[in-house]
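Below is one structure, written out as structure tokens; comments come after it.
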Amino acid sequence: MSEEIRAQSYVGLTLSHSSIEHKLLKRAGGRFSSDEPVRQTTEIQADSHVIVENGVKLRLNIDQVNNEGCWDPIIKYIKDQHSAYLRKELTAMRDRYIQDTRIHCCLYFISPTGHNLRPIDVIVMKKLSEVVNVVPVIAKADSLTLEERENFKSKIREELIYHNIRLYPFDTDEDEEEEVQLNETIREVIPFAVVGSENNVIIDGKSVRGRKTRWGVVNVEDPNHCEFVHLRNFLTRTHLQDLIETTAQIHYEAFRSKQLLALKEGVNQRPAAGNAQQ
């Protein structure tokens, strides 16, 4: 599965390069390494990594862009992956196994303002949701109190409904009652509120991923402190296969149908060889 990370440059979030079982969103100031200068660009800066979760290979494509017109290069990048897959599908002597570089999930990071979504957030999520499974995430959630966090999450859910932004997961007529209930549970949690850390701290004699502050310790993998565990389970366990299938059956199929129709119309409009000679 391929996953894309969409974050504002100043939110400073990316994914650590080790297995998702032990790491988390870490601060990188819009960079791929801590000693690299901050880039301001509307070009896609892609960094790809393969991790293994429960025997399943997961490809993470970490893409960072600036805000101005940011959706254009992102959407182009997603469509380019669809196009590459389609070309391999249409090859006469195609491989038995086609490496799937299509983007199955886009994590959209939201600044922890505690207020409302910014207009740019509404525009970008609406446009991205047309071509990819979008999952909103609140970055640096430890800057909010638990009460502020829940109020902010509630406001975001209300705004998503108001602006008619259709985000993953989707319900279908084929879903069983258990799947519908699971999706509803996920929608009650979204947007996931996460905290990032590059360091381990000692809690009750155990080394855990976390951040120490003057008010106490934030344990990244404690659901009471951070929802990273819920996000990880969602991406790599409960909805992994559904993300792949939804991409193939909805987003890629829509792209594929449009491309093949355009190809057919192009062939029909092309003059016959005999007419061309006359």
Considering only the range 103-144, how many residues are open to solvent by 20 Å² or more (accessible area, probe 1.4 Å), part of a loop (DSSP other than H, G, I, E, B) and in contact with a Gly (Cβ under 9 Å, 6 or more places away or on another chain)?
2
When the range 81-102 is checked residue by residue, the ones that are part of a loop (DSSP other than H, G, I, E, B) and open to solvent by 90 Å² or more (accessible area, probe 1.4 Å) are Ala92, Met93, Arg94, Asp95, Arg96, Tyr97
Expected output for the range 231-250 (first residue under 11 Å from His104 (Cα atoms), partner not in a helix (DSSP H, G or I), Cβ below 6 Å, 6+ apart or cross-chain) is Leu243/His104; Leu243/Cys105; Leu243/Asn133; Ile244/Met1; Ile244/His104; Thr246/Asn133; Thr247/Arg102; Thr247/His104
Kindly indicate the residue of the range 156-189 that is basic (Lys, Arg) and within 20 Å of His230 (Cα to Cα) and also surrounded by the fewest Cβ atoms within 10 Å (Cβ to Cβ) among those meeting that condition.
Arg187
Residue in the range 192-203 that is farther than 19 Å from Glu227 by Cβ, small (Gly, Ala, Ser) and either surrounded by 11 or more Cβ atoms within 10 Å (Cβ to Cβ) or modelled with pLDDT of 85 or more (or both) present:
no
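The values are calculated or read from the model by the stated rules, or taken from the named source; none is laboratory data. The model shown is predicted, which means the values in this text are computed figures rather than measured ones. Glycine also receives a Cβ, built like all others from the backbone with ideal geometry; neighbour counts cover every protein chain displayed. Just so you know, the surface numbers come from the protein's heavy atoms only, side chains and all, with ligands and any DNA or RNA stripped out. Shrake-Rupley method; radii C 1.70, N 1.55, O 1.52, S 1.80 Å.
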